[in-house]
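For reference, the structure discussed in these notes is given below.
The values are calculated or read from the model by the stated rules, or taken from the named source; none is laboratory data. Predicted model only: the values in this text are computed from it and were never measured. Cβ placement follows ideal geometry from the backbone for every residue including glycine, while neighbour counts extend to all protein chains displayed. Heavy atoms of the whole protein, side chains included, go into the accessibility calculation; ligands, DNA and RNA do not. Shrake-Rupley method; radii C 1.70, N 1.55, O 1.52, S 1.80 Å.
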Amino acid sequence: MLRVLAVDDEEPALEELLYLLRADPRIRSAEGATGATEALRRIGGAVDAGPEDPSAIDVVFLDIHMAGLTGLDVAQLLAGFAAPPLIVFVTAHEGFAVHAFDLKAVDYVLKPVRRERLAEAVRRVAEQVGERSATVHDTAADQVAVELGGVIRFVPVVDIAYAEAQGDYARLHTATGSHLVRVPLTTLEERWRSRGFVRIHRRHLVALNRIDELRLDAGSMSVRIGKAELAVSRRHTRALRDLLMRQTGR
């Protein structure tokens, strides 16, 4: 199910395009923007929020001739994003097709837009979104996407010693530093349970094989991972001790 932003500075054309898009069962949502500036603001916010946010955009259906920035200008700017949405150009002019495909457009639809032609464009987008999702899913099994200076990089899960809750975010700690990701600790707990991570506290999720020491002091328990000492809550104490004993074969 695709999340769409349609962009056209001619309101009747925008409304017609939105009507056709919303009639397609493969479209989850279709919103409109009446200019390049509004479109860039909304796309930027969606990219920052991440693919799971309700504001996420899978594809932009983009007019070329608009006041101010053109659709080609918008596409050029989006090429600099770490994970931009796909682009389908919708225009009354045939002469920009080569430039459009140089900008990695999925399709180039001529106005007046025919329902059948638009359906073909949606099919092509759905295929690419599916391929992209499968690639991200395969990568996510072994790596975590983090943003560093506006660039998305991937941190191997095996490099993560523990994760720390920070509100709706989690800070991932490795031997070389830490990374803040917009994923709740409870989600990481479910995702990494089979990879040897265990919850020891409402604030901490640790990799069992990274625990250097288990410390007991006056009835309280803590673990040492490198230079960090992390408290184990009473709720998790017995389960952690049992897991560690099984792991060491005792």
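Filtering the stretch 209-235 to residues that are under 34 Å from the mean Cα position of the chain (by Cα) and part of a loop (DSSP other than H, G, I, E, B) leaves ILE211, ASP212, GLY226, LYS227, SER233.
Results for (1) within 23 Å of ALA23 (Cβ to Cβ); (2) touching a strand residue (DSSP E or B) at 6+ places or on another chain (Cβ under 6 Å), shown as yes or no for each residue.
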position: LEU62; (1), (2): yes, yes
position: HIS65; (1), (2): no, no
position: LEU69; (1), (2): no, no
position: ALA75; (1), (2): no, yes
position: ALA97; (1), (2): no, yes
position: ARG123; (1), (2): yes, no
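Every residue in the stretch 10-57 that is among the acidic types (Asp, Glu) and surrounded by fewer than 17 Cβ atoms within 10 Å (Cβ to Cβ), please.
Listed by number, the residues that qualify are GLU10, GLU11, GLU15, GLU16, GLU31, GLU38, ASP48, GLU52, ASP53.
Of the strands (runs of 3 or more DSSP E) contained entirely in the stretch 146-204, those carrying at least 3 residues that are of a type outside the set (Asp, Glu) and loosely packed, with under 13 Cβ neighbours inside 10 Å fall at 151-156. A Cβ distance below 6 Å, combined with a sequence gap of six or more or placement on separate chains, defines the contacts here; from the stretch 111-122, residues that are farther than 17 Å from HIS93 by Cβ reach residues that are among the charged types (D, E, K, R) and open to solvent by less than 60 Å² (accessible area, probe 1.4 Å) in the pairs VAL122/ASP24. If the condition is being modelled with pLDDT under 90, charged (D, E, K, R) and touching a strand residue (DSSP E or B) at 6+ places or on another chain (Cβ under 6 Å), then the stretch 154-185 contributes only ARG182. The helices (runs of 4 or more DSSP H) found wholly in the stretch 1-115 and carrying at least 2 residues that are closer than 30 Å to ASP168 by Cα and modelled with pLDDT of 90 or more occupy 36-49. Whenever a residue of the stretch 152-163 is closer than 11 Å to ASN209 by Cα, its partners that are open to solvent by less than 70 Å² (accessible area, probe 1.4 Å) and outside any strand (DSSP E or B), lying with C-beta atoms within less than 7 angstrom and at least six residues away or across chains, give the pairs ALA161/GLY226.
Residues are listed down the side, and each one gets a yes or a no for (1) more than 21 Å from ILE152 (Cα to Cα); (2) out of contact with any Gly (no Cβ under 7 Å at 6 or more places or on another chain); (3) not hydrophobic (A, V, I, L, M, F, W, C):
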position	(1), (2), (3)
ASP73	yes, yes, yes
PRO84	no, yes, yes
ALA97	yes, yes, no
VAL106	yes, yes, no
ALA119	yes, yes, no
